[in-house]
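**Q** One structure, pasted below without further comment.
The values are calculated or read from the model by the stated rules, or taken from the named source; none is laboratory data. This structure is a prediction, so every number in the text was calculated from the model and none was measured. Here Cβ is always computed from backbone atoms with ideal geometry, including for glycine, and neighbour counts include all displayed protein chains.
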Amino acid sequence: MNEKKRLVQNFKSYINVSPKNNGEKNGSLQEVKPKLLNGELIVGAAHSVVMLTPLSERDRGRLGSLFVTNYKLSFVPLETSPNDEYCQQNYLLGTYDVPLTAVGAVWVTDGGPVKRRRLKPYGDMPGKVKGLQIVCKNMKVLIFSFANSPIDNGRKVAMALMHHAFPKRHDLLFAYEYKEPYYPTLPSELNMFQRPSDWKRELERCECVHWRITCINGTSDAFMLTAGETLIVPSSVLDYNLMETARHFRSGRVPVWVWGRPEGAALLRSGELLQTDQSASTESVLLEQVRRSHPKLTPPYVIYLCGNSYSGNASGVLPPLDALQASYKKLVELCTPTTLGGFWMQDSQYYSYLDSSRWLRHVASCIAFADDAAAHLADNVTTVLQEGDGVDYCAVVSCLTQLLLDPHCRTVAGFQSLVQKEWLALGHPFCDRLGLPRPGSSKETKDTPAAQTAPVFLLFLDCVWQLTQQFPAAFAFSETYLTTLWDCVHNHLFDTFLFNCPKDRELAVGRNLIQRPVWDWGEQFADADRALFHNPLFAVSSARAAVNAQRLSQTPNTGPRLDRLEPWCSVAAMELWSQCYERWLAPLDVPDSGPVQYQIHHNRTLREIKQLNEKLNSLSILSNRQSNGEESSEPPAAPVVSRFFPFSAGHGAPAAPDAMQLGHIDPMQLLDSQSLLNAPD
Amino acid sequence: MDKHNSSEILNSDFSLSKNASSDSLDSDSKSSSLNSKHGQDSPHVLGDIQLLDNEKVMSVARDVTYVCPFMGPIRGVLKVTNYQLHFRPLDAAALQCTLSVPLGVVSRIEKVGGASSKGENSYGIEVFCKDMRNLRFAHKQENHSRRSSFEKLQQLAFPLSHGLPLFAFSYSEHFPEDGWHVFEPIAELRRMGVNNDMWRITRINDKYEVCDSYPAVWAVPAAANDDLLRSVAAFRSRGRIPVLAWIHPSSQATITRCSQPLVGVSGKRSREDERYIQLIMDANAQAHKLFIMDARPSANAIANKAKGGGYESEDAYQNAELVFLDIHNIHVMRESLRKLKELCFPQIDPTRWFSGIEASCWLKHIKCILAGAVRIVDKVENHKTSVLVHCSDGWDRTAQLTALAMLMLDPYYRTLRGFEVLIEKEWLSFGHKFQLRIGHGDERHSDADRSPVFVQWVDCVWQLQQQFPTAFEFTERLLITIVDHLYSCRFGTFLFNTERERVKEEVKTKTVSLWSYINSRQDLYLNPLYWGPSSFGTSPPSPYSRPQVVLVPVASLRVIKLWKALYCRWNPTMRQQDPIYQRTRELVALRAQLEAAAAAAAGDHAARQHRLGLTPPRVASPHQV
């Protein structure tokens, strides 16, 4: 019941601004300009626009200009406010900017919050546009009123938006226009899985000797068109046999290796078996080869993620993609109320809405499948995941399984490598699932089925988030990292999530697209914001693990250390990912509240520990330097952050927390105190 | 990660070892790696019955099977003492399923199956508990052990129905601190600045003659004389007149509490009552208005007129504004929690989980109470207006609201001791009928007066803790311990209905206070994230302290959560995998070690410098050493 929110000073009422004042203001308003990137052009603008604060009393808002460029929708307020700087800052996007590909649904309103009509891309535009409501793909809601704008401004900006936000051709995306050179600064631990040597590195990391690399998929004999050139298959299988077998699997998706243990068990993913005469026998022949790749010749365990012809539609299996999309739409509806009245109405039946979306059930099913797979792999049983085209739920469950087993995947570089391997190298169709146009000519659409949009990657991120909640010290990254990653999926300036398969990417690169991996976080965020991507508790647990490893004098090279997490898989153990889905709901964004307080507190404590370590070190070497006095003077006052920091809309925080306070602590710095870490054991 | 450790929670572990672990949460400390030393060597204790002071084994049944809903049937020995029901598995591998359940938790006991029952484990007894679980034991028909177990249980679990005393009157363990001194009514009123110009302390109720369910000491408007108080008492249900609960330190806006006025169908008025309410309003110079928050739904308030009760009409009470907070009565709440229990125990049906939460309405009731308290806080804090709170009798919903509003307004109540004071004051001294609502030692399990009103309030406190993780000095562990001992009958704290009864029964001399026990093991309950004002207790104020003075929670179901750690705690698959508090504790402990080491090293260093005849290094900041 926070309707009576403290009014922030810079929010003024413009509803009652008389038209006369408008004329005067227009002159000065023309001055504001959005920040443009190299290659970015303004294609539409409206002035004297009021951006209304969502879920507030109607007449609260800010005056400014609204621009549409070939990259983004940009609102530039007339007067800046210190609150603009409070939230996560992106070098490429301002606080009130949205990349065009992140625009989800656009509605025309009569200027008020209630009456609205959905605009369709390339559909009719009403003669008058008094207001716009934009629901972004990350569930942010933007509401603009053109009541004070010069005549026709609203309509023009709406036309520009509808024209550019839903391009028909892939090469109209801004990534092709962005001329800024890119100098990669990716860490060497990040495995991009683009070349055969990358896969070799992974095979060696996992110490799997019974598997071999084949590059046949890079030749004219390619059978798995949506995967990269490199595949890993049982050593005993000949390329010829693969090509033969591939005919019986959907999209040529024969089982391929993605992860394994030195002890012999491996994780494979494949597409569904086609209903042909010989398909059953070919499958068993191939599974026999898989069995022979196990040193103990243990038969593999097959998990049918979407059920199979034998089991039918058993409960607990993952839904068809259209059902997943429908589920997501209900979730979006629940998380994007546009009026305070709507917000409280949903509140009264919140759990019914949540239940009817079924989203958390799907999340729970994915985690349950991964737990099952992890249990078998931990028992040294090779596990094969099978699903439709083998590019959607296979990727989700395969990634989760590895996160549950392999501590390397829980580091930032390991996680990013995992996404590169499972989602990019093995060809998750991001274009189709995110609703982007497919690269190449648009004529194809007659033969190929219409692309199915579905938030499969979001489902994956949500599952990972659930794991980070159940095991708060096991992952090196924070929920802010996962949320930011989801935001970046819709930022089409980066090529990472822009293609359906590696081949499309290569073709585009041939046409002068600059590859710009999203993993180069320095391209977008300053150190202070990147510091929030790290989980402070992981620093401690990994330092402890390193100390223990030293103490037990384990040889470091024993392949991936198996450290299995056993998650609860019941839907009752799942929570709604509030930071990602509800962060724009201002009534919930209360100062000093929410789980982010843990992170702030942990970061602080870690920093003090680091300082104490430094002090101890300087004392123990009896350094006679009198300069000791400079360090650790007065600790700065604790920052006040509200629930959805760093995504808060800004509730007048007295001071934004500075980078030092939130600074990332390298686990290795904690190793200084290893004797102390040992002590409590 | 810790599935094995976590399954230990299955046994409520009321007394694994006498002092160290007497509540269901002790396996928390075991799973922490900080305390792993203690955790690992506990198995030799696990399973053995640990008797409390003056606890005696009254009945032993061998070859009994505990039908565990999670682990399946387990054979073992069932013992009944005058305090607990104890089950020890025979198989050493099943020892984590040891049960130790205080008999106070038992709500009813039933025989299952008869002499002709066929089938495995179909003949035995079922124990229904107040803490959201049922225990099923199977006996061998031929052993004839069921009868004696059943009869002993029946007698010892419901001593009051069998003319026996509660265990709390036998138990006399000594603790370093006497918890009966935690709450001193006068001291607490002094803390709030009473007496002052506007409010005075009165002992008019010293013999509990004006109101038998109120405490002996009240704070009332200074301008109201004792005669006025007596005439107001005549117009308020059960004599529960408006008295002070809390006063704002700067604005002097107050929260006062009472019962409904005896208006009746005819719309009776009392000039004295009207004048008295005016005096409460006048005691706050900042506002010319008073809000009367009636916790009930307006329909219920109107219906009460037929029973002689009702509500203040705004015509009669000038400058008062009446607000109904729409909180339902004890019967609705009891039914709601019953539905929740069905949902949580024994098995959770994933397909019904969310719809079940919705259908139970439990969270909606929590939201309603939180929203009501937020309205009170808003009036007192932001509008500097005094608020009078009542429901029908003023001991259920009223206590929930005033105690919650005070917790939001006053950081003192968010400290461990302050919280104990809050419960003693708003719940115990103002006569929440714990005996009636819980039914200690009473076999009438379907008594209509039973209701989880206090547990519901504790849930609201938990919601506040969840929303403001740094605002409380204590963690949810304290709340769960309080709920455990709300039923256990080991301590005298929650026995009887009123202060008067407690004085008459000499509870303070004949029983031990729960706060004695809790304060002797405070470390277990302290919140490592706490940034509140008490962190500068003895030492000078640290620059860290940034007291969140007023908490205004969001009363939205998007934020209000089901308290799984309480309601689903018997289900091993619903426990927290890796409690974040433990991780924080580790960090804080590491920092403390380093601080000590740094201090020691700095001392060494200085000593060495001194020996060498050098001047000691300049001490940089007051934080060093």
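**Q** If a residue counts only when it is touching a residue at least 40 places away in the same chain (Cβ under 8 Å) and more than 10 Å from every other protein chain (Cβ to nearest Cβ), which helices (runs of 4 or more DSSP H) contained entirely in region A:312-382 have at least 3 such residues?
**A** Fully inside region A:312-382 and qualifying: A:321-335, A:359-378.
The rows are residues; the columns are (1) within 22 Å of B:Ala168 (Cβ to Cβ); (2) touching a Leu at 6+ places or on another chain (Cβ under 7 Å); (3) away from chain A (no Cβ under 14 Å).
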residue	(1), (2), (3)
B:Lys364	no, no, no
B:Ile376	no, yes, no
B:Lys384	no, no, yes
B:Leu407	no, yes, yes
B:Asp410	no, no, yes
B:Glu424	yes, no, yes
B:His432	yes, no, yes
B:Pro452	yes, yes, yes
B:Leu464	no, yes, no
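**Q** Please work out which one of (1) crowded, with 17+ Cβ neighbours inside 10 Å; (2) of a type in the set (Val, Ile, Thr); (3) closer than 26 Å to A:Ala374 by Cβ is the condition A:Thr245 fails and give its number.
**A** (3)
**Q** Let me spell it out: the conditions are (1) surrounded by fewer than 20 Cβ atoms within 10 Å (Cβ to Cβ); (2) under 30 Å from B:Ser360 (Cα atoms); (3) of a type in the set (A, V, I, L, M, F, W, C), and A:Ala378 meets all of them except one. Which number is the exception?
**A** For A:Ala378, the exception is condition (2).
**Q** Looking at region A:566-598 only, could you name the residues that are surrounded by fewer than 20 Cβ atoms within 10 Å (Cβ to Cβ), at pLDDT 95 or above and over 30 Å from A:Thr338 (Cβ atoms)?
**A** A:Glu566
For (1) polar (S, T, N, Q); (2) outside the structural domain of B:Leu495 (by TED's automatic domain parsing); (3) touching a residue at least 60 places away in the same chain (Cβ under 8 Å), each residue gets a yes or a no:
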| position | (1), (2), (3) |
| --- | --- |
| B:Gly394 | no, no, yes |
| B:Thr415 | yes, no, yes |
| B:Phe419 | no, no, no |
| B:Leu428 | no, no, yes |
| B:Gly431 | no, no, yes |
| B:Gly439 | no, no, yes |
| B:Glu443 | no, no, yes |
| B:Ser451 | yes, no, yes |
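**Q** Of all residues being at pLDDT 50 or above and touching a helix residue (DSSP H, G or I) at 6+ places or on another chain (Cβ under 8 Å) in region B:35-53, which is farthest from B:Glu151 (Cα to Cα)? Just the residue, please.
**A** Among those that are at pLDDT 50 or above and touching a helix residue (DSSP H, G or I) at 6+ places or on another chain (Cβ under 8 Å), it is B:Leu46.
**Q** Restricted to region A:571-584, and to residues that are of a type outside the set (D, E, K, R) and more than 7 Å from chain B (Cβ to nearest Cβ), which residue is farthest from the chain's Cα centre (by Cα)?
**A** Once the filter is applied, the top-ranked residue is A:Met574.
**Q** Could you please tell me which pairs satisfy a Cβ distance under 6 Å, a separation of 6+ or placement on different chains, a first residue in region B:154-178 that is on the phi > 0 side of the Ramachandran plot, and a second residue that is part of a loop (DSSP other than H, G, I, E, B) and modelled with pLDDT under 95?
**A** Taking only residues 6 or more apart or on different chains, not a single pair turns up.
**Q** Could you look through region B:162-199, keep only residues that are among the acidic types (Asp, Glu) and under 28 Å from B:Ser259 (Cβ atoms), and pick out the one that is surrounded by the fewest Cβ atoms within 10 Å (Cβ to Cβ)?
**A** This residue is B:Asp197.
**Q** If you go through region B:568-614 one residue at a time, how many are within 24 Å of A:Val571 (Cα to Cα) and out of contact with any Pro (no Cβ under 9 Å at 6 or more places or on another chain)?
**A** Looking only at that region, the number is 7.
**Q** Something else about it: Do you know which residues across region B:576-595 are part of a helix (DSSP H, G or I) and within 8 Å of chain A (Cβ to nearest Cβ)?
**A** B:Ile580, B:Arg583, B:Thr584, B:Glu586, B:Leu587, B:Val588, B:Ala589, B:Leu590, B:Arg591, B:Gln593, B:Leu594, B:Glu595
**Q** Looking at B:Lys561 and the list (1) within 13 Å of chain A (Cβ to nearest Cβ); (2) surrounded by fewer than 22 Cβ atoms within 10 Å (Cβ to Cβ); (3) modelled with pLDDT under 95, which single condition is not satisfied?
**A** Failing condition for B:Lys561: (3).
**Q** Looking at (1) crowded, with 16+ Cβ neighbours inside 10 Å; (2) over 30 Å from B:Glu110 (Cα atoms), can you tell me which one B:Pro159 breaks?
**A** (2)
**Q** Give the residues of region A:388-402 that are on the phi < 0 side of the Ramachandran plot and either hydrophobic (A, V, I, L, M, F, W, C) or crowded, with 24+ Cβ neighbours inside 10 Å (or both), sorted by residue number.
**A** Once the filter is applied, which keeps residues that are on the phi < 0 side of the Ramachandran plot and either hydrophobic (A, V, I, L, M, F, W, C) or crowded, with 24+ Cβ neighbours inside 10 Å (or both), region A:388-402 yields A:Val391, A:Asp392, A:Tyr393, A:Cys394, A:Ala395, A:Val396, A:Val397, A:Ser398, A:Cys399, A:Leu400, A:Thr401, A:Gln402.
**Q** List every residue pair whose Cβ atoms sit under 8 Å apart, with the two residues 6 or more apart in sequence or on different chains, where the first one lies in region A:481-502 and is more than 24 Å from A:Pro181 (Cβ to Cβ) and the second, anywhere, is of a type in the set (Lys, Arg) and surrounded by fewer than 22 Cβ atoms within 10 Å (Cβ to Cβ).
**A** From residues that are more than 24 Å from A:Pro181 (Cβ to Cβ), the pairs are A:Asn500/A:Arg438.
**Q** Please pick out the residue among A:Leu132, A:Leu186 that is more than 26 Å from A:Pro337 (Cα to Cα) and hydrophobic (A, V, I, L, M, F, W, C).
**A** Checking each option against the conditions leaves just A:Leu186.
**Q** Can you list the strands (runs of 3 or more DSSP E) found entirely within region A:95-184 that contain at least 3 residues being touching a strand residue (DSSP E or B) at 6+ places or on another chain (Cβ under 7 Å) and among the basic types (Lys, Arg)?
**A** Filter on region A:95-184 gives A:116-119.
**Q** Name the residue that is surrounded by the most Cβ atoms within 10 Å (Cβ to Cβ), counting only residues in region A:500-516 that are in a loop (DSSP other than H, G, I, E, B) and in contact with a Phe, Trp or Tyr (Cβ under 6 Å, 6 or more places away or on another chain).
**A** A:Leu513
**Q** Of the residues A:Lys137, A:Lys115, only one is surrounded by fewer than 20 Cβ atoms within 10 Å (Cβ to Cβ), within 24 Å of A:Thr336 (Cβ to Cβ) and either touching a Ser or Thr at 6+ places or on another chain (Cβ under 7 Å) or touching a residue at least 60 places away in the same chain (Cβ under 8 Å) (or both); which?
**A** Every option except A:Lys115 fails the conditions.
**Q** Additional query: Among the residues that make up region A:543-558, is at least one of them at the interface with chain B (Cβ under 8 Å from one of its Cβ atoms), at pLDDT below 90 and in a loop (DSSP other than H, G, I, E, B)?
**A** Within region A:543-558, not a single residue is at the interface with chain B (Cβ under 8 Å from one of its Cβ atoms), at pLDDT below 90 and in a loop (DSSP other than H, G, I, E, B).
**Q** It is to be established whether one or more residues within region B:307-317 are assigned to a helix (DSSP H, G or I), more than 13 Å from every other protein chain (Cβ to nearest Cβ) and closer than 30 Å to B:Gly267 by Cα. So that I can check it myself, show each step before the final result.
**A** Step one: filter region B:307-317 for residues assigned to a helix (DSSP H, G or I), giving none.
No.
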